[in-house]
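Written below as structure tokens is the structure these notes are about.
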Amino acid sequence: MPAGSLASGPALVQRLDAARDVARRPRGGVELSVGILLWPRFPLLSLAGLSDALRHAADVGDQSRQLRCTWTVLGVGGESVSSSCGVAVPVQTPLQRAPAFDYLAVIGGLLPDLHTADPRYADFVLASAERGVPLIGLCTGSFVLAQLGLMEHSTACVHPFHVADWQRRFPALRCVTDTDFLIDGARLTVAGGTSVIAFASRLIRDHCGPDRAAKVVHQMTVTPAQGRSYVDRRTVLGFANFDSDRVRRAVMLMEEHLSAPLNVATLAEVVGCSTRQLERQFSEETGTTPADYYRQMRLRYGRWLLTAGDTPISAVAYECGFADAAHFIRHFQREFGVPPGAFRRQFMRT
């Protein structure tokens with residue numbers, strides 16, 4: 001099989017399912033359990049993205065058994081919660097019978113309707129926080145957590161559409177808006193929309209392994225025309241380990257934002273330090289600056305894209321986060337000693 005390629009479709013899924021590491025699984029086989037609370041007029045996409053990602057990770061093939069992951073919609077028994085598009089979702093597990101979860105996910109609704117939720121929902125969130133359960137705020141779920149006083153020591157990831165709403169309601173609380181999600185200790189917040197898929201794959205990777213996360217991304221986001229899977233990209237980017245938690249988190253953010261790079265100041269803010277502190281820790285761990293490390297990562301990704309198909313160099317440049325082909329070509333030649341077009345021709349001859 002040519003370098004940079006990987007089996008796709010059913011063959012890839014079979015390989016990923018076969019890669020599971022049974023030795024790492026806890027007794028009973030469940031590696032990740034999530035309870036889900038729906039606020040009135042919640043976005044259906046957030047629920048679908050989270051639950052479908054867990055579904056793909058939980059079982060083999062396209063089956064839906066809750067084996068390695070479990071999830072359930074919590075609430076008042078016998079009731080349903082209406083989504084923002086009008087589809088009602090029934091409660092699966094009454095609050096009083098809820099088992100222990102690894103995470104409690106709160107999917108917020110339209111802002112004018114946040115106050116209409118049954119008070120028992122807020123009580124359940126507060127009780128879960130008191131027990132130390134990590135809380136996920138999906139879409140305006142971050143607003144719910146903030147209203148309950150649960151974001152005072154954490155930064156929230158907020159959708160750009162709602163930044164002004166956040167600043168008006170919670171002027172003393174921090175937020176970021178240029179990333180899909182933010183993990184800040186026991187508070188995990190997600191901007192909303194398709195960002196939930198990126199978040200869910202990260203959560204699944206951390207608890208179930210890269211094979212499960214790769215399957216989620218492949219099944220939910222990678223089209224056959226692209227032919228590029230999460231496994232492909234992680235292979236070319238490498239699996240470097242770092243002693244510094246901040247450097248490790250910054251590198252993960254870089255990996256998740258290759259086509260739309262974050263600036264170093266934003267990376268530092270998200271991981272909770274100053275730009276100078278992040279630069280010093282990067283220098284100690286990698287021998288280079290965050291900006292140079294990020295550029296080298298994007299160039300390695302671009303080099304792999306050149307071997308994985310006949311995508312125009314201008315499109316490769318854009319996918320790697322360069323403003324235009326000229327910038328990409330100049331940095332590529334400086335890094336690898338040959339322009340991208342010549343590199344591709346050499347690769348095709350080998």
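Odds and ends about this structure:
- Neighbour-count ranking [beta-carbon atoms within 10 angstrom, fewest first] of M151, M254: M254, M151
- Under a 5 Å amide H cut-off, with hydrogens placed 1.01 Å from N, A156 pairs with R174, C175, V176 among residues at least 5 apart or on other chains.
- Contour minus Cα-Cα distance for Q147 and E130 (0.36 nm per residue): 4.5 nm
- Cα long-axis angle, helix 290-307 against the chain (0 to 90 degrees, to the nearest 10): 70
- Student exercise, region 107-171 dipole from Lys, Arg, Asp, Glu Cβ charges, in Debye to nearest 20: 100
- Summing +1 for each Lys or Arg and -1 for each Asp or Glu among the other residues whose beta-carbon sits under 15 angstrom from that of A323 gives +1.
- R0 of 41 Å, Cβ-Cβ distance D245-A98: FRET efficiency to nearest 0.05: 0.85
- Under Karplus coefficients 6.51, -1.76 and 1.60, residue-wise ³J(HN,Hα) of region 324-337 in Hz, glycine/proline x: 7, 5, 4, 5, 4, 4, 4, 5, 5, 5, 5, 7, 10, x
- Look at the dipole of the chain built from charges on Cβ: of S33, G321, F101, the Cα furthest out on the positive end belongs to G321.
- Ordered by the number of other Cβ atoms lying within 10 Å of each residue's own Cβ, fewest first, L135, L253, L37 fall into the sequence L253, L135, L37.
- C-alpha long axis of helix 210-220 to longest principal axis of the chain, angle in °: 80
- Difference of contour (0.36 nm per residue) and Cα-Cα distance, H327 to D123: 68.0 nm
- Sorted by Cβ density within 10 Å, fewest first, the residues C208, C175: C175, C208
- Against the chain, whose longest principal axis is taken from its Cα atoms, helix 340-349 shows a tilt of about 80°.
- Long-range amide H partners of G75 with built H, under 5 Å: T93, L95
- The length gained on full extension between S82 and A260, counted as 0.36 nm times the residue separation minus their Cα-Cα distance, comes to 60.6 nm.
- Counting DSSP beta bridges with both ends in region 9-206, the antiparallel % (nearest 5): 25
- Positive minus negative residues near A250 (Lys, Arg vs Asp, Glu; Cβ under 12 Å): -3
- Correct option for semi-axes √(5λ) of the Cα gyration tensor in Å [calculated from the coordinates] among (1) 40, 28, 21; (2) 32, 24, 18; (3) 37, 25, 18: (3)
- Under the convention that each Lys and Arg Cβ holds +1 and each Asp and Glu Cβ holds -1, the size of the dipole of region 9-206 around its Cα centre is about 360 debye.
Readers should treat all values here as calculations from the given coordinates under stated rules, not as data from a laboratory. Everything numeric here is computed off the predicted structure, so don't read it as measured data. With ideal geometry, Cβ positions are generated from the backbone for all residues, glycine too; neighbour counts draw on all protein chains shown.
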